[in-house]
Structures are given as structure tokens and as C-alpha cells.
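Coordinate-derived values only; no laboratory data. All of these numbers come straight from a predicted model, not from anything done at the bench.
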Amino acid sequence: MWGAHFRSFGVNVRVVEGHTSHDRDAALTSASTYDILRVRTKKEAKAFYGHMWRDGHVTNTERNWKRRRGIAEYEIVGEETINRSMGYDMGPALSTGRRLLARVSKSCKKPNS
């Protein structure tokens, strides 16, 4: 029912096996060829999340990046390494709060765009 509805809008709908969001994300990552986001640096994440920030949290973007390269999820790869490999310019540290989001979108430039 919903699949046909979304397909009518040109959405590429995929039915995946698995019972968890981790299974779903792994299947959808293997079915796609790109990531559109960047990984926040620790400094940016601390500024954005405040007291809710916790060291060692792995974002879904980072998981997808590692899956595509055959890197185990538990292996540590720096945010700057991931972002540079995705074509983002790693400029000076960004500010806090809402301004952080505005500056991220302005300061991160993908090549050929």
C-alpha cells in the first residue's frame, strides 16, 4: 500500500529483511552509492549536544562510511579523516548552538558542486 504510494512520487522503495534498524540501515547502505552528510567533530558535537554529548558515540553516517569501505564498526577512524574522504573542506572550528548548523552548511563544500 505505502510502497505504491511512494513509488508514484518517484521514490526508490526497497523492502529489506531484518528486524532491527541496524539491519535496515546496513541493507539500505549497500543498496545506495553515496552519503550526503558529514560527521561532526568532537568539538562541534560537544557544542551542539552540551551535557548530552558522550565520547565514543558512532553516528549512522560514520557507520555507513565504514560499511562501504569494509571497516569494522569498532575500529576508530577520526572525523576529519571521514569528512575529507567525503570531499568536505575542514576549516576552522565552528561556533556553538544554532549558529553551528548555519556555519556547517556554509563552510562544508563538496567538490564539483
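The phi torsions of segment 15-23, fed into the Karplus equation with coefficients 6.51, -1.76 and 1.60 and a -60° offset, translate into couplings of 9, 10, 7, x, 10, 10, 5, 5, 4 Hz, rounded to whole numbers, with Gly and Pro shown as x.
When restricted to Cα atoms, segment 35-89 yields an Rg and a Dmax of 11.2, 33 Å, respectively.
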